[in-house]
Amino acid sequence: MEIKRIINELKEERPYLKSPLELYERVLEFNRKCEKIIKDKAKNNLLDEIINEFSSIFEIPYEFSSFLKTSILNSAKDPFSEPKSILELPISEEETSKEEIKRALFILSKPFFIKYRESLKKKKKFEEIGRCVVCGEPVSLTMIDSENKRHMVCTVCGHEEEIFRIGCSYCMQKICEKIDLLVDEDEIRVELCKDCKTYIKSFKDEVYQKFKDPYLIDIISLPLDVVAQERGYIRRSPNIIGIQRVV
Ligand SMILES: [Zn+2]
Ligand SMILES: [Zn+2]
């Protein structure tokens, strides 16, 4: 698989990205296996199967995975029709590994969001609500295609949609002068909104052709997140491996 090769090369070339890239490889494997499980199995066994897969791929101790399963069942919400309920599972404030649990839940929610997104028939337009129309999260990643059209890519649920070319997809202002740009050596950019202090990544088709995967492009540009956040700008939704705040 091409994406596998690209990730392997990146791990060699950029050792500082080894750990996030390895985590992403596991996320890809988890999503792939869950897609198969969801296709093949009857719905009543799905949660068990998905959590088992999650524990084995991410090497999660049995106690923690059974805690996750109990929490999902106790929430009395069907994660397939309300995937967001997984992100909202109660985590005790004193919990020392709170951030880690949040990230685990974020990754665990992926297959549920993918299934939910595919089952949604009628969707609103991004411009009507200013958030992802599938999961309701703010946009942090956009691609500009070969015709200079811009598309949001939701890092939470995978929804893609064409949006306005210039402007801030968080506060929706569309004045060019209010957006500052930072560009890295891969030509990946962050667009900094001077009004609401949000930043959004964007990249052109040439960058996409090189790396073949918008979520991977989001990960390799982690150094840009550092620079933008050090300047006081805010990322409003996590990347695909659950990283949101880096400074
Ligand atoms: Zn979404
Ligand atoms: Zn803004």
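The values are calculated or read from the model by the stated rules, or taken from the named source; none is laboratory data. None of the values given here were measured: they were computed from a predicted structure. Every residue, glycine as well, gets a Cβ built from its backbone with ideal geometry; the counts of neighbours run over all protein chains shown.
Structure summary
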read-out: Hey, GLU9 within 21 Å of the chain's Cα centre (by Cα) and either surrounded by 15 or more Cβ atoms within 10 Å (Cβ to Cβ) or under 17 Å from TYR215 (Cβ atoms) (or both) or not; value: no
read-out: Matching entry among LEU141, LEU108, LEU120 (being within 16 Å of ligand 2 (Cβ to nearest atom) and hydrophobic (A, V, I, L, M, F, W, C)); value: LEU141
read-out: Filtered residues of the stretch 112-128 (kept if in contact with a Cys (Cβ under 7 Å, 6 or more places away or on another chain) and either among the charged types (D, E, K, R) or not in a helix (DSSP H, G or I) (or both)); value: ARG117
read-out: Set SER81, SER19: member being closer than 26 Å to PRO223 by Cβ and at pLDDT 90 or above; value: SER19
read-out: Within the stretch 166-192, tally of residues that are in a loop (DSSP other than H, G, I, E, B), of a type in the set (A, V, I, L, M) and under 17 Å from PHE211 (Cβ atoms); value: 1
read-out: Cβ-Cβ under 6 Å pairs, at least 6 apart or on other chains, the stretch 116-130 side among the small types (Gly, Ala, Ser), far side not in a helix (DSSP H, G or I); value: GLY130/MET172
read-out: Residue in the stretch 56-66 that is within 15 Å of ligand 1 (Cβ to nearest atom) and not assigned by TED's automatic domain parsing to the domain that holds CYS171 present; value: no
read-out: In the stretch 182-193, the residues that are more than 8 Å from ligand 2 (Cβ to nearest atom), out of contact with any Asp or Glu (no Cβ under 6 Å at 6 or more places or on another chain) and not β-branched (Val, Ile, Thr); value: LEU182, ASP184, GLU185, ASP186, GLU187, ARG189, GLU191
read-out: Residue match in the stretch 57-66 (condition: within 22 Å of LEU216 (Cβ to Cβ) and surrounded by 16 or more Cβ atoms within 10 Å (Cβ to Cβ)); value: yes
read-out: Condition met for GLU191 (within 28 Å of ILE107 (Cβ to Cβ) and without any contact (Cβ under 8 Å) to a residue 60 or more places away in the chain); value: yes
read-out: Considering residues of the stretch 139-159 that are over 11 Å from LYS201 (Cα atoms) and among the small types (Gly, Ala, Ser) only, the residue nearest to ligand 1 (Cβ to nearest atom); value: GLY158
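For (1) touching a Leu at 6+ places or on another chain (Cβ under 7 Å); (2) assigned to a strand (DSSP E or B); (3) of a type in the set (Gly, Ala, Ser); (4) outside the structural domain of LEU182 (by TED's automatic domain parsing), each residue gets a yes or a no:
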residue: LYS201; (1), (2), (3), (4): yes, yes, no, no
residue: TYR208; (1), (2), (3), (4): no, no, no, no
residue: ILE217; (1), (2), (3), (4): no, no, no, no
residue: VAL226; (1), (2), (3), (4): no, no, no, no
residue: SER237; (1), (2), (3), (4): no, no, yes, yes
residue: ARG245; (1), (2), (3), (4): no, no, no, yes
